[in-house]
Amino acid sequence: MSHWIIAPVVLPAVIAPLIVLMMRNDLTLQRVFGLASTLALAAIAAALLIASSHNPPEIYLLGNWPAPFGIVLMLDRLSAMMLMLTALLAIAVQLYVISTNWDARGRHFHALFLFQMMGINGAFLTGDAFNLFVFFEVLLIASYGLMIHGAGKDRLRAGVQYIAFNLIASTLFLFALATIYAVTGTLNMADIAVKVAALPEGDAALIRVAAVLMLSVFAIKGALVPLQFWLPGTYANAPGPVAALFAIMTKVGAYAILRTTTLIFPPETAATGGMIADIMLPAALVTLAIGSIGILGATTLPRLAAFSGIASMGTIFTAFAAFTPEATSAALYYLLHSTLATAAVFLIADLVTDRRGNGTLTAQPRIAQQGLIAALFFANAIALAGMPPLSGFIGKLMVLDALRADAALIWTVILVSSFLMVLGFGRAGSTLFWKSHATGEAAEPHHSPEPMAFAAIGGLLAGLVLLTIFAGPVKDWLDATAAALHAPAAYIGANNLPGVN
């Protein structure tokens, strides 16, 4: 049992209170300790990723209590990948925040940021359903504070809406957990999987209720139609770097759906059968359609960025709904791509909004360094719309290839939505950067970012380039990850459950 498995949870949980108690009046120290902690998390995540690539799933027993009686953390290829993705995204966001002085516009930014990292990492690592709820609450409480960082009437209103939706999700999650515990007598996810697979017919109805409740909870987190209404207003009104970090928040919902549907409620489970796929596929296609239409009709750059996040989730869930290793592998590749690309568009939107004084998609005077910002925007737009040659194009090709059995409907929705996204990004880019040439002299920036802000965005785009160049090796690694998810015997076996060989 490696104690490094718990480090991504313990490290931010220790450093965040120290920042509040000992450094709350020294922003420089907060930045040093916050960034150093995130760099350390990236190093730990890299080590865990390497270990998970060569070893079977590994369990960490908190208090050395055996499963299913004690709380456990589980490290496998999927959780390690998500830890690494989170750490890399967090580094880019922190560099941007420090460069633009966003952390000076409110209190306790770095402490809240680390608490958020603690919750996200815990959600990816936990092997216990109740502690998934606990880590959801940790990351959500921190995100409430980050959401209203810097205050403002619109931000506070969006924050209240965000809180309300997530309180509903938390309540539903507790109902789902109570139902599962009443039927199976356990909350260890591997143990639940074993007991659900062996349920008598009389208990199948309650498990179906619990499955739908859990799907609803994770659909709220992942912005799946019809539960996506909170996202555009919340993300569009959040501080730009906070919205960029929130790009991983919707992926927590996607991760939870993938983990529970492959482990506990796969299609071959008699109690649920193909029910989840029947619900998820049409919802995912509508999510993709709404996201692409939202991009085309967006009136502000932050809302365009928010709808691009919804569209990406629609693509991911469409692939998940096939419940095949090939489709899951394609979805994971697209998940990596969309997280980096969505975060980048939020940071670019913040640069434009900061320099123009607003994010409306109307022709206004040129902004400082407009050429560089325009280049970043169009490169990222190409990736988000799924145009060649970047990773968005490769990711969508993988998804289309994996779903060729249902090509008539699914291919039509994905291709038409990509066309609408091209039109939407093209319209926004031409309005922001080309039509501005006719409106007069360049406007003075409200806050002039340092080069590190551009380096942060460039780093995210470099990640897309690397995903493109190394698409073959990445796909091979993801194929093995997807195969392990759809054959969870090793994951269950790592728990050494009583009576289970």
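Can you compute the equivalent ellipsoid semi-axes for segment 76-187, i.e. the square root of 5 times each eigenvalue of the Cα gyration tensor, sorted largest first and rounded to whole Å?
Ellipsoid semi-axes (Å, largest first): 29, 20, 9.
Let me check against my output: what whole-number percent is the relative contact order of segment 57-160, with C-alpha pairs under 8 Å and at least 6 apart?
After rounding, I find 24 percent.
Could you give me the percent of Cα pairs per 10 Å distance bin for segment 287-439, shortest bin first, beginning at zero and ending with the bin that holds the maximum distance?
12, 43, 29, 13, 4, 0
Ordered by packing density, taken as the mean number of other Cβ atoms within 10 Å over each peptide's residues, highest first, how do 84-95, 474-485, 128-139 rank?
The peptides rank, most packed first, as 84-95, 128-139, 474-485.
For the charge dipole of segment 239-370, defined by +1 on Lys and Arg C-beta atoms and -1 on Asp and Glu C-beta atoms about the Cα centroid, which residue among 247, 365, 324 has the Cα displaced farthest towards the positive pole?
Looking along the dipole axis, the top candidate is 365.
From the gyration tensor of the Cα coordinates in segment 323-385, what semi-axes in whole Å does the equivalent ellipsoid have, largest first, with each one equal to sqrt(5λ)?
Rounded to whole Å, the semi-axes are 32, 10, 9.
Send over the per residue convex hull volume for segment 355-407, Cα only, as a whole number of Å³.
107
When the chain is fully extended, how far beyond the present Cα-Cα distance does residue 470 get from residue 496, taking 0.36 nm per residue of separation?
5.7 nm
Show me the three semi-axes of the equivalent ellipsoid for segment 1-100, from the C-alpha gyration tensor (sqrt of 5 times each eigenvalue), largest first, rounded to whole Å.
Here the semi-axes work out to 29, 17, 8 Å.
How high is the relative contact order of segment 85-232, in percent, with contacts defined as C-alpha pairs under 8 Å that are six or more residues apart?
RCO, segment 85-232: 20 percent.
Scan around residue 71 for amide H atoms under 5 Å from its own, H built in the peptide plane at 1.01 Å from N, and keep only partners 5 or more places away or cross-chain.
Placed amide hydrogens put 62 under 5 Å from residue 71.
Report, to one decimal in Å, the Kirkwood hydrodynamic radius for segment 242-293 based on all distinct Cα pairs.
12.6 Å is the Kirkwood radius here.
Kindly write out, for segment 126-135 in residue order, the coupling ³J(HN,Hα) from the Karplus curve 6.51 cos²θ - 1.76 cosθ + 1.60 (θ = phi - 60°), rounded to whole Hz, with x marking Gly and Pro.
Karplus values, whole Hz, x for Gly and Pro: 5, x, 10, 5, 5, 6, 4, 4, 4, 5.
Using a Förster distance of 56 angstrom, determine the FRET efficiency expected from the C-beta separation of residue 408 and residue 18, and round it to 0.05.
Efficiency at R0 = 56 Å is approximately 0.45.
Tell me the per residue accessible area of segment 1-133 using a 1.4 Å probe; a whole number in Å² is fine.
38
Give me the angle, in degrees from 0 to 90, between the Cα long axis of helix 7-22 and the longest principal axis of the Cα atoms of the chain, rounded to the nearest 10.
In the chain, helix 7-22 runs at an angle near 50 degrees to the longest axis.
Helix 301-320 sits at what angle to the longest principal axis of the chain, using alpha carbons and giving 0 to 90 degrees rounded to 10?
It is inclined by approximately 30 degrees.
Tell me the label-point distance for the pair residue 431, residue 201, using the 7 Å Cα-to-Cβ offset, in nm and rounded to one decimal.
5.9
For the chain, what mean projected area does the convex hull of the alpha carbons give, in nm²?
Average projection, Cα convex hull of the chain: 21.6 nm².
Counting only Cα, what are the radius of gyration and maximum Cα-Cα distance Dmax of segment 123-279, in Å?
When restricted to the Cα atoms of segment 123-279, Rg and Dmax are 16.6, 54 Å.
Express in nm, to one decimal, how much length is gained between residue 107 and residue 450 on full extension, taking 0.36 nm for each residue of separation and deducting their alpha carbon distance.
121.3 nm
Under a point spin-label approximation (7 Å from Cα along Cα-to-Cβ), what is the residue 170-residue 28 distance to one decimal in nm?
Result: 3.8 nm between the two label points.
May I ask you to compute the full-extension gain from residue 62 to residue 161, defined as 0.36 nm times their residue separation minus their alpha-carbon distance, rounded to one decimal in nm?
Taking residue 62 through residue 161 to full extension adds about 32.1 nm, to one decimal.
I need to check one value: relative contact order of the chain, counting alpha carbon pairs closer than 8 Å and at least 6 residues apart, in percent.
16
With only Lys, Arg, Asp and Glu charged, each at its Cβ (+1 for the first two, -1 for the last two), find how big the charge dipole of the chain is about the Cα centre; round to the nearest 20 debye.
Roughly 1080 debye for the chain.
Rank these by accessible area, largest first, 1.4 Å probe: 466, 285, 35.
The most accessible residue leads, giving 466, 35, 285.
What distance in nm separates the simple spin-label points at residue 286 and residue 50, each placed 7 Å from Cα in the Cβ direction?
With each label point 7 Å from Cα toward Cβ, the separation is 4.7 nm.
The values are calculated or read from the model by the stated rules, or taken from the named source; none is laboratory data. Please read these numbers as outputs of a predicted model, since none were measured by experiment. Every residue, glycine as well, gets a Cβ built from its backbone with ideal geometry; the counts of neighbours run over all protein chains shown. Note: areas computed on protein heavy atoms with side chains; ligands, DNA, RNA excluded. Shrake-Rupley method; radii C 1.70, N 1.55, O 1.52, S 1.80 Å.
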